[in-house]
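Everything on this sheet refers to the single structure shown next.
Rule-based calculations on the coordinates, nothing more; no lab input. Since this is a predicted model, take the numbers as computed values, not measurements. All Cβ positions, glycine included, derive from the backbone under ideal geometry; neighbour counts span all protein chains shown.
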Amino acid sequence: MMHQEKNLLPVFVAVVLTLAAPAIQTAQSAGAAGQPGAQPAAAGTALTLDALRQAVAAVVPSRLPEFFQEIQDAFSQAGDEDSVFPIRHFYQRWGATIAIERRPSVAARLHAAERALADPDEDVRERAIQEAAEIVQAAYHEVAGG
């Protein structure tokens with residue numbers, strides 16, 4: 001069953017990001033208006049590298065290695081593409097992650113939806129995708145200051 005979850009996770013992430021696209025666009029538009037650090041994130045967490053690192057360390061310390069790997073990847077991609085988009089995306093993604101993870105009930109709902117992807121019932125998987133999309137959209141909206 002674990003193998004099946006790993007195979008579905010990239011599809012799940014792609015679907016959730018597709019469904020969350022309007023909220024992500026809003027967050028990106030807000031990011032284009034000024035410096036990333038000037039934007040509100042979850043519960044007073046500024047979208048700066050230091051503030052996000054501290055929030056990740058406090059809220060989901062087990063994800064610090066992932067955080068550091070993704071910031072390295074974002075800066076590398078930004079250099080390769082001569083674009084700040086990968087860095088903005090990193091800040092928004094981790095701001096949204098903190099917005100979700102700092103609320104245990106919301107995080108539990110998202111993680112339950114992620115686990116439901118392995119359910120053999122297609123209706124359960126569809127509801128899980130919808131639930132995850134709603135949670136992610138709300139988090140990106142919050143990060144965008146809405």
So for R0 = 25 Å, FRET eff. of F85-E122 from the Cβ-Cβ r, to 0.05, ends up at 0.10
Suppose R0 equals 25 Å; then what is the FRET efficiency for A108 and Q130 from their Cβ-Cβ distance, rounded to the nearest 0.05? 0.90
For segment 96-143, state what percent of all Cα-Cα pairs lands in each successive 10 Å bin, counting from 0 Å until the bin that includes the largest distance. 30, 50, 18, 1
Taking H placed 1.01 Å from N in the peptide plane, check which residues at least 5 places from A46 or on another chain put their amide H under 5 Å from its amide H. A41
Could you list D82, D119 in order of exposure, starting from the residue whose Cβ has the fewest other Cβ atoms within 10 Å? D82, D119
Added length on full extension, which subtracts the Cα-Cα distance from 0.36 nm per residue, F75 to D50: 7.5 nm
